[in-house]
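Everything on this sheet refers to the single structure shown next.
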Amino acid sequence: MIVYYSAATILAVINLIILIFTFENKKVNYFFSMLILVMAISNGGYLAISISSTAETAMLANKVAYLGGCFTSPIMISLICCICNYRINKWVRLAMYSYCLVVYGMILTTEYNFLYYTEYHIEKLWDSTILVNEYGPGHNLFYLILYGTIIIQLALLIYSLVRKRSVSRKNIIMLIALELFNVSSFFIVRLIHPDFEIMPALYVLDGWILLYVHRRARIYNVEENVSASFQKHHTNGYIMFDNRLNYLGCNKLAEDVFPKLKE
């Protein structure tokens, strides 16, 4: 088991390194970066639990592992909206992340209240340590993150598949398949062996799919590739504005033609 958690952590870190170095000189959507980073950190937490010798150190590692449980789902919603060209109202986004922070705050303060865990202890599963918990009422709030956000993600993806023609259908189909595989794998493993953690392996698989989707999303993004081509060849000048006509930037050739842009 320790080998399993170690391998999952190493592979998750490799996914992060691939993202950093493969797209080093290119614009990387920060939701991709946040997801792969959180997955790598969470897998490190699962590894730390497996080698813990006391309940206290296991609980500390559990708080690290729960970063993925609390935040991968809302970040994934933000990523899907970005890929499918949906706009999330800033107050809706704030409410979504605030809710996750409240749940994570209960986990972080386990030693001072019984909201999320009423008690916990460690046991051995083969060669690794597992944390056995008795859940408090606050754990019910986590189910909304776990199940509610999955329903939202699938609804957005299916709607995009049916109605959105400006989005890569292959990307959407891959993300739908990934969501369904994650959910089915989670419940099947829970039925077979409730103490076995499948999430580290799923985080690695998710990282692979996300890296591939990110590469395809860049290829599919015509505007971004046109501006990148201008930037590379220096044969055309361009000036960028958003839809409110706020100035976003330009290349050197445009500055040479219009010197006031430097101001």
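The values are calculated or read from the model by the stated rules, or taken from the named source; none is laboratory data. Quick caveat: nothing in here was measured; it's all calculated off a predicted structure. In this analysis, Cβ positions are derived from the backbone assuming ideal geometry, glycine residues included, and neighbour counts consider all displayed protein chains. Note: areas computed on protein heavy atoms with side chains; ligands, DNA, RNA excluded. Shrake-Rupley method; radii C 1.70, N 1.55, O 1.52, S 1.80 Å.
Treating only the Cβ of Lys, Arg, Asp and Glu as charged (+1, +1, -1, -1), what charge dipole size does the chain show about its Cα centre? Round to the nearest 20 debye.
Numbers: 21 positive and 17 negative charges, 300 e Å.
Using Cβ point charges on Lys, Arg, Asp and Glu, the chain gives about 1440 debye.
If I model the range 72-126 as equal point scatterers sitting on the Cα atoms and use the Debye formula, what is log10 I(q)/I(0) at q = 0.19, 0.30, 0.31 Å⁻¹?
Values returned for q = 0.19, 0.30, 0.31 Å⁻¹ are -0.75, -1.13, -1.16.
Taking volume of the Cα convex hull per residue in Å³ as the quantity of interest, determine which of [x] 258; [y] 167; [z] 155 was computed from the displayed structure.
[z]
Considering only protein heavy atoms and a 1.4 Å probe, what is the carbon-and-sulfur percentage of the accessible area of the chain?
Details: 9940 of 15030 Å².
Ligands and nucleic acids excluded, carbon and sulfur give 66 percent.
Please sort by residue number the trypsin sites (Lys or Arg not before Pro) in the range 86-128 whose DSSP state is loop and whose Cβ has at most 16 other Cβ atoms within 10 Å. Mind showing how you got there, number by number?
Numbers: sites: Arg87, Lys90, Arg93, Lys124; in loops: Arg87.
Sparse-neighbourhood loop trypsin sites (Lys or Arg not before Pro): Arg87.
First check a/c for the range 8-147, with a ≥ b ≥ c the square roots of the eigenvalues of its C-alpha gyration tensor; if it is under 1.5, answer rounded, and if not, answer prolate when a/b is larger than b/c or oblate otherwise.
In terms of gyration-tensor shape, oblate.
Once you keep just the Cα pairs under 8 angstrom separated by 6 or more residues, what percentage relative contact order results for the chain? Display every interim value, and only then the final one.
On the way: 278 pairs, mean separation 46.5, N = 263.
For the chain, the relative contact order is 18 percent.
Below 20 Å Cα-Cα, how many Lys pairs turn up in the chain? Only count pairs eight or more apart in sequence, or on different chains, if you could.
9
Please name which of Ile198, Ile176, Leu261 has its Cα lying farthest along the dipole of the chain towards the positive end, using unit charges on Cβ (Lys, Arg +1; Asp, Glu -1) and the Cα centre as origin.
Leu261
Along the charge dipole of the chain, which of Asn236, Trp126, Ala55 sits closest to the positive end, that is, farthest toward it, with unit charges on the beta carbon of Lys, Arg, Asp and Glu (+1, +1, -1, -1)?
Most positive-ward Cα: Asn236.
Per residue, how much accessible area does the chain have with a 1.4 Å probe, in Å²? Working shown, then result.
Working: 15030 Å² over 263 residues.
Roughly 57 Å² per residue, with all protein chains present.
Whole Å is fine, so just give me how far the alpha carbon centre of the range 150-185 lies from that of the range 130-144.
Using only Cα atoms to place each centre, the spacing works out to 28 Å.
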